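Enquirer: Sharing a structure below in structure tokens format, with a few things to ask.
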Amino acid sequence: MHAWPASEVPALPDKGRDLRIHDTATDGLVTLDPGPVARIYVCGITPYDATHIGHAATYNAFDLVQRVWLDTKRQVHYVQNVTDVDDPLLERAARDDIDWVALAEKETALFREDMTALRMLPPQHYIGAVEAIPGIVPLVERLRDAGAAYELEGDIYFSVESDPNFGKVSRLDAAAMRLLSAERGGDPDRPGKKNPLDPMLWMAAREGEPSWDGGSLGRGRPGWHIECVAIALDHLGMGFDIQGGGSDLAFPHHEMGASHAQVLTGEFPMAKAYVHAGMVALHGEKMSKSKGNLVFVSTLRREGVDPAAIRLALLAHHYRADWEWTDQVLQDALARLDRWRAAVSRPDGPPAETLVAQMREALANDLDAPAALAAVDRWAALQQERGGTDEGAPGVVSRAVDALLGVAL
Ligand code: 5CA
Ligand code: ZN
């Protein structure tokens with residue numbers, strides 16, 4: 001699949017600091033040392049509805065990761081998937097009586113537009129589940145041949161007990177895992193499974209549903225977790241720097257992915273840091289496609305809201321916090337955008353070197369975007385109250401806000 005166009009990232013003087021970020025698997029901050037090419041896999045959308053503010057907040061967090069790395073003068077190798085065949089997509093297409101391929105294409109196209117408008121940097125490899133099937137089949141065969149998978153009425157399940165490190169990503173107890181498995185695409189109550197938590201690797205073809213040739217697995221379609229493992233291992237290899245997503249992906253999705261990879265390669269962990277963004281709510285409940293309590297990025301854009309203000313609204317919250325979208329959040333972001341634009345529109349202003357250092361420091365410290373915004377607020381207030389004589393300072397601020405926060409002033 002093609003991704004979306006990259007907005008230019010201005011180069012700032014000197015170098016930013018190395019990223020320290022929270023890792024779910026160790027529940028602590030880790031300082032990553034990625035070498036000259038940092039590697040990141042971010043779980044992509046299941047394209048059955050438009051991009052909402054919750055999605056945008058999660059992708060914003062991983063966009064900041066890239067910007068911090070780029071500012072340390074590294075290259076970034078970024079991979080993202082599109083879950084373009086899965087139960088929720090097929091169910092929505094059936095409900096609305098539309099072709100599932102057309103639905104996936106339409107919503108993926110809209111996602112690209114939203115990401116472009118928000119100045120999110122694109123992945124170098126943007127891979128759909130369907131196009132990954134030829135790589136998924138041999139992995140499932142290998143898991144089966146290693147004794148880590150078994151068949152149940154034609155479907156193939158992964159046995160979580162085959163992984164000695166199972167549970168180390170999410171660190172949840174069995175009861176919590178069981179509850180979340182039922183909520184998040186698993187089938188813990190299906191009779192005949194060895195362990196209720198075992199996830200499906202390959203689903204045998206169902207009447208009226210799409211299916212593909214699975215070689216010795218028979219016709220069918222891939223399970224969700226093996227999809228991301230196949231794409232990540234193919235494009236990044238084992239031991240990449242970050243696997244990212246919202247906090248609802250820690251279990252089962254990232255746990256199961258780490259397990260599949262552990263059995264396939266004998267190594268743990270697949271990612272050096274498992275990074276999870278908080279959940280955005282609307283009217284007191286997590287924004288979710290299944291509940292329908294959504295604010296879409298495309299709706300706001302259509303209403304004429306500047307995407308830079310949407311981006312500032314996301315940045316005003318720490319990526320690990322759960323927070324609530326309200327009109328006030330947007331009003332505050334619009335007001336901040338106005339203040340910042342006014343402040344950089346003059347030819348000179350207060351010195352900007354300290355500000356750039358503060359922004360770098362804030363973002364390198366577990367992506368503390370609110371602290372970075374506060375630093376720019378202080379500079380803008382000073383500019384407003386007293387002005388300054390540093391020629392070119394507004395330009396420096398403008399470039400730093402663009403390079404580090406993805407906001408074009
Ligand atoms: N296709 C899979 C990942 S392989 C998937 O979870 N797709 S999704 O469309 O449901 O979600 C895309 C991303 O948005 C995931 O990282 C998910 O954790 C995140 N996300 C979903 N809802 C919210 C929310 N309310 N707040 C923050 N992030 C969210
Ligand atoms: Zn994923």
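Enquirer: From ASN81, ASN60, grab the single residue that is within 27 Å of MET359 (Cα to Cα), in contact with a helix residue (DSSP H, G or I) (Cβ under 6 Å, 6 or more places away or on another chain) and modelled with pLDDT of 95 or more.
Expert: ASN60
Enquirer: Taking the options SER216, SER247, name whichever one is open to solvent by 30 Å² or more (accessible area, probe 1.4 Å), away from ligand 2 (no atom under 13 Å from the Cβ) and in contact with a His (Cβ under 8 Å, 6 or more places away or on another chain).
Expert: SER247
Enquirer: Please go through the range 53-86 and give me each residue that is charged (D, E, K, R) and more than 16 Å from ligand 2 (Cβ to nearest atom), ordered by number.
Expert: ASP63, ARG67, ASP71, LYS73, ARG74
Enquirer: Something else now. Would you be able to tell me the number of residues in the range 367-389 that are surrounded by 15 or more Cβ atoms within 10 Å (Cβ to Cβ) and either of a type in the set (Lys, Arg) or outside any helix (DSSP H, G or I) (or both)?
Expert: 3
Enquirer: Kindly indicate which of SER290, SER259 is within 26 Å of ALA182 (Cβ to Cβ) and open to solvent by less than 20 Å² (accessible area, probe 1.4 Å).
Expert: Working: SER290 fails: open to solvent by less than 20 Å² (accessible area, probe 1.4 Å).
After applying the criteria, what remains is SER259.
Enquirer: Can you name every residue in the range 221-241 that is within 13 Å of ligand 2 (Cβ to nearest atom), in contact with a Pro (Cβ under 9 Å, 6 or more places away or on another chain) and not in a helix (DSSP H, G or I)?
Expert: GLY223
Enquirer: Could you tell me which of the residues ARG39, ARG17 is touching a residue at least 40 places away in the same chain (Cβ under 8 Å) and open to solvent by 90 Å² or more (accessible area, probe 1.4 Å)?
Expert: Details: ARG39 fails: open to solvent by 90 Å² or more (accessible area, probe 1.4 Å).
Criteria check complete, one pass: ARG17.
Enquirer: Can you tell me which of ALA50, ALA11 is modelled with pLDDT under 95, surrounded by fewer than 21 Cβ atoms within 10 Å (Cβ to Cβ) and more than 16 Å from ligand 2 (Cβ to nearest atom)?
Expert: Numbers: ALA11 fails: modelled with pLDDT under 95.
Step by step, each of ALA50, ALA11 is checked, and only ALA50 is modelled with pLDDT under 95, surrounded by fewer than 21 Cβ atoms within 10 Å (Cβ to Cβ) and more than 16 Å from ligand 2 (Cβ to nearest atom).
Enquirer: Here is a follow-up. Within the range 319-352, take every residue that is in a helix (DSSP H, G or I) and in contact with a strand residue (DSSP E or B) (Cβ under 9 Å, 6 or more places away or on another chain) and give me the one that is least open to solvent (accessible area, probe 1.4 Å).
Expert: ALA343
Enquirer: Determine which single condition MET256 fails, assuming it passes every other condition in (1) among the aliphatic types (A, V, I, L, M); (2) in contact with a Pro (Cβ under 8 Å, 6 or more places away or on another chain); (3) more than 24 Å from TYR78 (Cα to Cα); (4) within 14 Å of ligand 1 (Cβ to nearest atom).
Expert: Of (1) among the aliphatic types (A, V, I, L, M); (2) in contact with a Pro (Cβ under 8 Å, 6 or more places away or on another chain); (3) more than 24 Å from TYR78 (Cα to Cα); (4) within 14 Å of ligand 1 (Cβ to nearest atom), only one is false for MET256: (3).
Enquirer: Listed residues ASP97, ASP33; which is away from ligand 1 (no atom under 16 Å from the Cβ) and on the phi > 0 side of the Ramachandran plot?
Expert: Being away from ligand 1 (no atom under 16 Å from the Cβ) and on the phi > 0 side of the Ramachandran plot holds for just one of ASP97, ASP33, which is ASP97.
Enquirer: Please state which one of ARG221, ARG171 is surrounded by 18 or more Cβ atoms within 10 Å (Cβ to Cβ) and basic (Lys, Arg).
Expert: Within the list ARG221, ARG171, the selection yields ARG221.
The values are calculated or read from the model by the stated rules, or taken from the named source; none is laboratory data. Here the structure is a predicted model, which is why all the values come from computation and not from measurement. For neighbour counting, all protein chains shown are included, and Cβ atoms are generated from backbone atoms with ideal geometry for every residue, glycine included. What goes into the accessible areas is simple: the full protein's heavy atoms, side chains included, and nothing from ligands, DNA or RNA. Shrake-Rupley method; radii C 1.70, N 1.55, O 1.52, S 1.80 Å.
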